[in-house]
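Accompanying notes for the structure given below.
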Amino acid sequence: MAMSRKHYVAVAEHLNSVWVELDPGSKLDQAFMGMVDNLCWEFQSDNAHFDKERFVKAVTRDDG
């Protein structure tokens with residue numbers, strides 16, 4: 001079963017809750033972004049219309 005938009009949104013929201021707690025430029029920050037990049041690769045292989053740029057923006061937004 002392919003993931004739907006609501007699944008991608010939920011994953012991005014959960015990842016964002018971790019992102020806002022990371023120190024910018026730290027090794028953990030770099031590892032986190034590597035994981036996000038790997039997830040994007042998987043999501044793109046599952047859905048040709050997956051928008052990596054939009055997903056990364058949702059993950060790395062800072063509302064506060």
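Key figures for this structure:
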{"item": "Subset of the stretch 13-29 that is exposed (fewer than 12 other Cβ atoms within 10 Å of the Cβ) and among the polar types (S, T, N, Q) - its residue that is farthest from R61 (Cα to Cα)", "result": "S26"}
{"item": "Residue count, the stretch 1-26 (criterion: of a type in the set (V, I, T) and under 11 Å from F55 (Cα atoms))", "result": "2"}
{"item": "Residue count, the stretch 29-49 (criterion: under 14 Å from L15 (Cα atoms) and of a type in the set (F, W, Y))", "result": "1"}
{"item": "Of the criteria (1) over 10 Å from the mean Cα position of the chain (by Cα); (2) modelled with pLDDT of 95 or more, which one Q30 fails", "result": "(2)"}
{"item": "Residue identified as at pLDDT 95 or above and among the aliphatic types (A, V, I, L, M) among V36, V20", "result": "V36"}
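The values are calculated or read from the model by the stated rules, or taken from the named source; none is laboratory data. What you are looking at is a predicted structure, and each value in this text was computed from that prediction instead of being measured. Counting neighbours? That spans all protein chains shown, and the Cβs are built from the backbone with ideal geometry, glycine included.
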